[in-house]
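Input: a single structure, listed below in structure tokens.
The values are calculated or read from the model by the stated rules, or taken from the named source; none is laboratory data. Just so you know, these numbers come straight off a predicted model, no measurement behind them. Please note: Cβ atoms are built from the backbone with ideal geometry, for glycine as well, and neighbour counts cover all protein chains shown. When the accessible area is computed, the model is the full protein with side chains, heavy atoms only, and any ligands, DNA or RNA have been set aside. Shrake-Rupley method; radii C 1.70, N 1.55, O 1.52, S 1.80 Å.
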Amino acid sequence: MELELTRVDYALVGITLQNSMKLLPTKKAKEQQKVVIGDQDGVVQLFSAKKDEINVHFKTVPSNKITSVQLGGSIGTVPDRIIVAHEHQIIGYNKKGKVFLSFNTNLTEPIKSLFVIGNDMIVCGNHVYTHYKECKESGTYLCGDTIVDCCALCPHNTSRIITVLACSGRVLRILEHCRVRKMIELDSIPTVLHVPKNALGNKLLVGFSDGRVILFRINPMVMEVKQETLIESKDNLSSSGVSAVTCLDTFDLYGDGKEELIVGRRDGTIQVFSMTLENNELEGIDCQQLIYEENFNESISCIFGGIIGAMGYTEIIVCTYTGKVFGLTTRTLGDALTDGKSNNYEVVTDAAQRIQKLKSEIEFLEQAVTKEREKYQLSTQAMSSGLSAIPVMSINDTLSLFADDATYILSLELPSPIENILVQSDIALEMLDVDSNTAVVSKSECDRNEGNLLLCCYRCQANTNRIDLKFRTIEGQHGTLRVYITPNIQPKCCQMKAYAIRPLSLHITVHNCDETRPMNTLNLKGNFSQGEMHSWISNCLPEVPERVESSTDENVLKFKNPFLETYLICKYSKGEAEFRSDNISTISVIKDFITKEATTRHIKIELQMNINEASIEYFIMLTEPKLIQYNELEKNHKILQGLLELNVRNDDEFELLSEKKLEKNVGSEVTNKFLPHTPQSAIIKNIVYEILRECISEILVVEKKFVTFLVHLVTLHFDIDFNEKFDRKSIEEVIEICMKQIIDLNETPSNITLKMQVFFIENSKPYDEIVAEYHENLSKKTNSLVREIVEGSANGKEELIVMQKKIIVEYNSTDSSWKSLESRMTKTLLKSFDSIESLLQFTLCDIMDRVNILTTAFDGAIAIGKSFVLNATLLESSEINIMIDLLTLNRQHEIYVRKLLSNLKSIKSLIETHVKNFAEKLAKLHEIVQYRSAVPSIQIFPKFRELTDEWMALHDLSYVLFTTESDQQLFATFVRVVQSTTI
């Protein structure tokens, strides 16, 4: 990552949709811009930031929900007029909030997308496209697919308006004069269109549901289209699968004349890619040049690059689905301190005054909330005439197919926190674990007679607004998946969302297929219309257009199963239909479904089915590699599990004990592909979260790492295998055992021993790993400063002083260990080693004293003999057990301290070696430059390089000593607890 950004929160508005925010352009470069945003409450507001304060220039009253916000103006002028789409109405505002335009479109559909260019306005509903010129309708177009987004291109030095429609049928339709000039067939569903600023009217960026971003070059003269994939879907893999692109923008964040590509995604991820330019035009992108990536756990509605918070500092302005508006600015803490003299941005010096102002605002809001809550409680009393109203919930939900492993991902997002989600289905579905989910999953037994084949509850953690549910369907089974969502609001209510699972749910729409394959055929004839057959196909297959768009009597639809790589071709007209597929199972499913639908409507049909035996052999040839792959994967998983149980980590032992030679990358592939789908890891994670919930209710402070460690110990001790036994009773037993251990033994030696183990597992790292982690963190924190020093050009003494201040600020704020490292590098490293070693030796002596006392007491409490009978006259059995626990605790403490001493001895050897090498290289360097006024750089530079390597090695050793001492200081808490623990 090369780009370092800092988050700055600006505002909180209502729920927002795509294209609901814009940045007003400025006449001069590097000036602060104003932000206009419209939400689902119907409120339009324009604000700007100045001196850490938000200035609202105008704000309208609530009205119909806003679906799109665009900027307009005459061609050749600055587009600073605000055009807003409300349901069926379009309203225009100037920068002062005055309405200069208002007209009703009289469309049969509400406006979903809007685009303004000069005096032309493109208005789209779900299926109807309308072109307005100077607020007068100039033409319409009826689209069979659902229109997802629209934009318009104006070719350079022409007055032509070329419209591009992104449609859910995996096509881009290019229109001119409301007629389709060209259709671009796509491999995925487009989600957003963006026209780059320097596109010259012939370039278009398109984001897709599978995470890809493609650049299209359109030649308006001959309607020739070229495309270049900028971001592949494999670059967007997450724990739940791929994430769709929701917004795009290009902006020069570095100020070097080269624009960066900014991508916002549905799962809350924001990515920035560096782009290459040629003659100030978009040329391409290297997918490996990802310079920024961060996940904000909320769907990104809009994203733009501009200058908002501080003059001269670029930033990314972001708006989420729940209405959070924040910026990711390039302005660092060092810039804030060094800009105090600048007139561009004044740092607020009176921090106490700002804090007091925030406290007063919070107190005012708390009083308002209390007043409204009391008012609501009074209105819901038995004698009151008021009614308890159920609040309307806006749910942002998407159901998408992840083709690589044939799974569906259902994303749910609410503006308020989710308390729990109940999943119910009348068909068999396999619910899969998602690593990003923190919800506790509970599955219940189902009664087939009641129509339930799946009952599953997700209990979400606090402040969870978004969750992904992953499941796998079985083709041939169709039904309804119902999701009952309960938000954490008052009064308690729940909303149900239903999703149809079609018989051929794993098929997607395609435009081309291999018709040379051996095909099975199903021919239907009967007294049915083309519309009825289209309805049956849409109920059987996903991604079928709502309308029959073909102008001919025969309509053709093509589908593909991306997992099995089989095809289906549907040709139908009035009274006739033909289905062809290389998978006989697909033909059988269609036959059964259409027969059932025709029987329900009392329509008589004739069926003729022709089976091509060659298709069976061809299908086996297609599926054989996948069967071999997954069979091999399962074998490797079993071998890997056995090796892990034997705790085999050495490569030589790994090769000797395994019958098949498994390389490390194979082991990681098995772990990543196989283990996440096994119930063991998912159930343990759910148990951990449920125990943490119980601890919160019992007011117990416990760390998640300790609970996870304890759950694994309990499952190993009692030999519990959730892969074989998975029921609520066994889970509750594990929870009960762990809670008893946490509550009853919170301050006993047994629990301290376990916490000690967790501490050393987390903090005991080898030398190479500590140094590598330190270098990585240091590089991340100083990367922006190094880039500025190398690429910046300081002109004059004042700019050099500013650069020097930035270096000092960065030096002091990089890491808390810098001061300690500075003091250690100015002293002798061996003295530092001696002080740490003496501290550990003193600790070891104290431990051994207690071990000797406990051993003597333990020997005196046991009668020496063959039977080792307890001497009951001295101590009780419970006291003996406490002594055993104390002895175990101190022996374990001894082992860990001795391990630290051993590591220190190896560090001492390295220190002595590098100090000796440093002295020798310094002496050689002195010999070269002694009595010389000038030395060739080719002769002196390698010596300085060698000296630098030795110095950096000593610097690394100093950091390792610092971490060792820090670990010992943290571990001193355990020593104090052990010393205070009495029998």
Condition first: out of contact with any Lys or Arg (no Cβ under 8 Å at 6 or more places or on another chain), within 18 Å of residue 400 (Cα to Cα), surrounded by 20 or more Cβ atoms within 10 Å (Cβ to Cβ) and in contact (Cβ under 8 Å) with a residue 24 or more places away in the chain. Can you find one or more residues in segment 535-543 that meet it?
no
Checklist (1) open to solvent by 30 Å² or more (accessible area, probe 1.4 Å); (2) of a type outside the set (Ser, Thr, Tyr); (3) part of a loop (DSSP other than H, G, I, E, B); (4) in contact (Cβ under 8 Å) with a residue 12 or more places away in the chain applied to residue 76, failing item:
(4)
Within segment 263-285, is even one residue modelled with pLDDT of 85 or more and within 30 Å of residue 160 (Cα to Cα)?
yes
Checking residue 747 against (1) within 16 Å of residue 889 (Cα to Cα); (2) loosely packed, with under 13 Cβ neighbours inside 10 Å; (3) at pLDDT 70 or above, which single condition isn't satisfied?
(3)
Of all strands (runs of 3 or more DSSP E) completely enclosed by segment 549-593, which ones contain at least 1 residues that are over 37 Å from the mean Cα position of the chain (by Cα) and closer than 12 Å to residue 521 by Cα?
566-573, 576-581
Out of all the residues in segment 1-19, which are at pLDDT below 90 and part of a loop (DSSP other than H, G, I, E, B)?
1, 2, 3, 4, 5
Where a residue in segment 448-463 is over 15 Å from residue 501 (Cβ atoms) and its partner, wherever it lies, is of a type in the set (Asp, Glu), with Cβ under 9 Å and at least six apart
455/445; 459/419; 459/690; 460/419
With the checklist (1) closer than 16 Å to residue 13 by Cβ; (2) open to solvent by 60 Å² or more (accessible area, probe 1.4 Å) in hand, flag the one item residue 108 doesn't pass.
(1)
Got a number for residues in segment 419-447 being closer than 23 Å to residue 500 by Cβ, among the β-branched types (Val, Ile, Thr) and out of contact with any Asp or Glu (no Cβ under 8 Å at 6 or more places or on another chain)?
3
Counted residues in segment 175-233 being open to solvent by 40 Å² or more (accessible area, probe 1.4 Å) and either among the basic types (Lys, Arg) or on the phi > 0 side of the Ramachandran plot (or both) come to 8
Within segment 600-677, helices (runs of 4 or more DSSP H) holding 3 or more residues that are at pLDDT below 50 and farther than 30 Å from residue 588 by Cβ:
651-657, 664-674
Being farther than 27 Å from residue 219 by Cβ, touching a residue at least 24 places away in the same chain (Cβ under 8 Å) and of a type in the set (A, V, I, L, M) is the filter here, so list the residues in segment 107-141 that pass it.
111
Provide a single number: the residues in segment 438-479 that are open to solvent by 20 Å² or more (accessible area, probe 1.4 Å), touching a Cys at 6+ places or on another chain (Cβ under 9 Å), closer than 16 Å to residue 690 by Cα and not in a strand (DSSP E or B).
1
Failed item in (1) crowded, with 17+ Cβ neighbours inside 10 Å; (2) part of a loop (DSSP other than H, G, I, E, B); (3) at pLDDT 90 or above, with residue 518 passing the rest:
(1)
What about residue 70, is it within 34 Å of the chain's Cα centre (by Cα) and without any contact (Cβ under 8 Å) to a residue 60 or more places away in the chain?
yes
Checked segment 92-106 for anything free of Cβ contacts under 8 Å to residues at least 24 places away in the same chain and either farther than 29 Å from residue 168 by Cβ or not in a loop (DSSP other than H, G, I, E, B) (or both); matches are 92, 94, 98, 99, 100, 102, 104
Residue 133 open to solvent by 10 Å² or more (accessible area, probe 1.4 Å), more than 37 Å from the chain's Cα centre (by Cα) and closer than 20 Å to residue 66 by Cβ
no
For segment 502-513, which positions are in contact (Cβ under 8 Å) with a residue 60 or more places away in the chain and open to solvent by 10 Å² or more (accessible area, probe 1.4 Å)?
506, 508, 509, 510, 511, 512
Among the residues of segment 33-54, what is the count of those that are open to solvent by 60 Å² or more (accessible area, probe 1.4 Å), at negative phi and either touching a residue at least 60 places away in the same chain (Cβ under 8 Å) or part of a strand (DSSP E or B) (or both)?
4
